[in-house]
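Right, one structure below, let's go through it.
The values are calculated or read from the model by the stated rules, or taken from the named source; none is laboratory data. Source: prediction; values computed, not measured. Virtual Cβ from ideal backbone geometry, glycine too; neighbours counted across all protein chains shown. Ligands, DNA and RNA are stripped out before the accessible areas are found, and what is left, the full protein with its side chains, is counted by its heavy atoms. Shrake-Rupley method; radii C 1.70, N 1.55, O 1.52, S 1.80 Å.
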Amino acid sequence: MAAILVNGTRRASSLRVLLPRVGVWTADLTVDDGEPLTGRVTVAVEGTLTLVGSVLRGAVGAEVWTGRLVGGAGGLGRPVAALPHRAATLADVLAQALADAGETAATDLGDLSAAYAHWIRRASVAAHTVADVARAAGYAWRVRPDGSVWVGAEPWTAYAPADVELVAWDDRAGTLTLSGSTLGVLPGQTLTVGGRTVRVGAVEHRAGPETLRTIVVAEDA
């Protein structure tokens, strides 16, 4: 059984986390003790993958809590008002949007020094402003497992543990199903397995009572 700890002490029986290459990750979680789960949450899987997010919704039933988490503080889906920026850099626009959403920027953002005499932030959810900044800079963006918001150029760093096994390859969908030491597989990496090397797009980790599986969408597909 995959060891899934919630906030350090509570045990979960199942987790399904979807980490997109662009956007906010979500996780569906089942906690066994039947106590409510609210606010900021830290989930540790096998001592390898740590997720820091917030409860989006959930309820207790049949002595278990089931619900969904979103990456970070959960503020990227909240509305922000239209706001004019004058003589502002992309970094300024991003920082204001994240502050208004209660989110935290990653420490290794890409170069966002491009300056604009006028930038009008549209009235929308905060994620749209983050996406607008990333688009203007020619970057990707996403919420990382640690809950920070990252904007930058894809690193495409290699991930090559010795014991990752290719369970299935779906050529039509461009997906790989993996087993083994897969919790370190994240969007923005390259992965060599089964004689193929792919760029990792979205990643889905599924941990349950008896199995741990990872599904990768190949960016090349």
Within the stretch 6-47, which residues are of a type outside the set (Gly, Ala, Ser), open to solvent by 20 Å² or more (accessible area, probe 1.4 Å) and either in contact with a His (Cβ under 8 Å, 6 or more places away or on another chain) or over 30 Å from Val151 (Cβ atoms) (or both)?
-> Thr9, Arg10, Arg11, Arg16, Thr30, Asp32, Asp33, Glu35, Pro36
Out of Asp163, Asp111, which single residue is acidic (Asp, Glu) and either out of contact with any Ser or Thr (no Cβ under 9 Å at 6 or more places or on another chain) or closer than 28 Å to Leu69 by Cα (or both)?
-> Asp111
For Leu76, which of the numbered conditions (1) surrounded by 14 or more Cβ atoms within 10 Å (Cβ to Cβ); (2) part of a helix (DSSP H, G or I) fails to hold?
-> (2)
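Residues of the stretch 178-203 being under 18 Å from Ala44 (Cβ atoms) and not polar (S, T, N, Q), which ones? Step through it out loud before you land on a result.
Within the stretch 178-203, the subset under 18 Å from Ala44 (Cβ atoms) is 181-186, 203.
Answer for the stretch 178-203, where residues must be under 18 Å from Ala44 (Cβ atoms) and not polar (S, T, N, Q): Leu183, Gly184, Val185, Leu186, Val203.
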Residue selected from the stretch 24-45 under the condition assigned to a loop (DSSP other than H, G, I, E, B) and either over 15 Å from the mean Cα position of the chain (by Cα) or free of Cβ contacts under 8 Å to residues at least 40 places away in the same chain (or both), by the criterion nearest to Thr182 (Cα to Cα) = Asp32
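Are any of the residues in the stretch 174-193 in contact (Cβ under 8 Å) with a residue 60 or more places away in the chain and in contact with a His (Cβ under 7 Å, 6 or more places away or on another chain)?
Applying the first criterion (in contact (Cβ under 8 Å) with a residue 60 or more places away in the chain) to the stretch 174-193 yields 181, 183-184, 186-188.
Imposing the further condition that a residue be in contact with a His (Cβ under 7 Å, 6 or more places away or on another chain) reduces the set to 183.
Among the residues of the stretch 174-193, at least one is in contact (Cβ under 8 Å) with a residue 60 or more places away in the chain and in contact with a His (Cβ under 7 Å, 6 or more places away or on another chain), which makes the answer yes.
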Taking Thr50, is it on the phi < 0 side of the Ramachandran plot, surrounded by fewer than 20 Cβ atoms within 10 Å (Cβ to Cβ), at pLDDT 95 or above and part of a loop (DSSP other than H, G, I, E, B)?
-> no
Evaluate the stretch 94-104: report whether one residue or more is without any contact (Cβ under 8 Å) to a residue 24 or more places away in the chain and surrounded by fewer than 17 Cβ atoms within 10 Å (Cβ to Cβ).
-> yes
